[in-house]
C-alpha cells in the first residue's frame, strides 16, 4: 500500500541519497518535524539525537544505527532520536567529517599517511572491503588471501579516523544537544497548550449541549 508505484533503480536510489528529490531543505525540515514529535522528554530526545551526531564522526559505516542506539541506551537517551541524529552524517557533511577526523587522528597518533581527503578515504574503504571479500573467497579456494592489505588501512586510516573523530564528534554532539533541547521543549509546550485549549473547548461545548438538552 505504501510502496512506490514505480520502484527506483540503483542509480535513482543513489541519486536520492546524494540529493533528495524534494531537496535538502525539505529533508531537513522533515527530520526536524520527526524529532519534535517523538514521544519522550526534551532531554532524552536531544540526548539521543546528540548520540547520533557523535556516531556520524566514526568510520563504522554501515553500523551507525547500531552504534548510535547503543550509545543512546548507555546514556539513557531516546534510541529513535539517535537513529535520526545519524542523518547529520550525509553526502554533504561526510567530506568535512572524514577529513577533520582523519587529520586530527593522525596528528594525535603521530601517524603519517596519504591524502586525508574524502575521496582518498573512500578509496581506502573500498580497497579494504575488496580485500576482505577476496579473503572470504580464499577460504573456499576461489582466490588468494588479501588480509595483508588491511594492516596499512587499519593503522593509517581506520584507527586514526576513529580516534580523531571522538573530539569533534563530542563537540558537535554537545552543540546539537543545546540547540535541539530548547526547541523540542518549546514545541512540546505549545503542543500541550493547544491540546488543553481544544480539550477545554470540547468540554464547554459538551456542557452547552447538555444545558440545552436539559432546558428543552
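So the values come out like this:
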| item | result |
| --- | --- |
| Stretch gain in nm, segment residue 201-residue 149, where the contour uses 0.36 nm per residue and the Cα spacing is subtracted | 11.7 nm |
| Segment 76-142: C-alpha gyration tensor shape, a/c 1.5 cut-off, then a/b vs b/c | oblate |
| Full-stretch length increase - residue 178, residue 191 - with 0.36 nm per residue and alpha-carbon distance subtracted | 2.6 nm |
| Length gained when the stretch residue 107-residue 94 is fully extended (0.36 nm per residue, less Cα-Cα span) | 2.7 nm |
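A short reminder: the numbers here are calculations on the coordinates, not readings from a lab. A quick note: this is a predicted structure, and the numbers were derived from the prediction, not measured.
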